[in-house]
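A short worksheet on the structure shown next.
What follows draws every value from the coordinates through simple rules; no lab data is involved. Not measured: the values here are computed from a predicted model. All Cβ positions, glycine included, derive from the backbone under ideal geometry; neighbour counts span all protein chains shown.
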Amino acid sequence: MKKLFPLQHVMGYVSSLILSVVALTVLFFDMSFGMQMTVLLVCAIIQMSVQLFVFMHIGETGSKTSLYTNIAYALFVGIVTIFGTLFTMIWGYQ
């Protein structure tokens, strides 16, 4: 039964929730701008690592081609999401 329970996925989910709460606390504490950006950047890098290794299974394949394809796809989706958001929210999509 222990092999059937996805402990790694549950721990990844819990750590994602904790990192989101830590990033949210930046709003509630009176910190300098530099400290806020440092906390958010560290949380973002750790969150990215959790997503890549736990949920996208980056470390579970022996093929380097598959590894680089997955990373390129993740970067593509991230860039499209960021610039799509900027396009619709800031640059006045009409």
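Things to note:
- Note on the chain: Rg/Rh from Cα positions, Kirkwood definition for Rh, rounded to two decimals, is 1.07.
- Separation between Cα centres of the stretch 18-42 and the stretch 61-94, rounded to whole Å: 24
- For the stretch 24-40, Karplus couplings with θ = phi - 60° (6.51, -1.76, 1.60), whole Hz, Gly/Pro x: 5, 5, 4, 5, 8, 9, 7, 10, 6, 4, x, 5, 4, 5, 5, 4, 5
- Less than 5 angstrom separates the built amide H of M31 from none of the residues sequence-distant by 5 or more or on a different chain.
- Directionally averaged projected area (the stretch 1-56, Cα convex hull): 4.2 nm².
- Sparse packing (at most 10 other Cβ atoms within 10 Å of the Cβ) combined with a DSSP loop state is found for the following chymotrypsin sites (Phe, Trp or Tyr not before Pro) in the stretch 14-85: F29.
- Relative to the current alpha-carbon distance between I71 and T88, full extension at 0.36 nm per residue lengthens the span by 3.6 nm.
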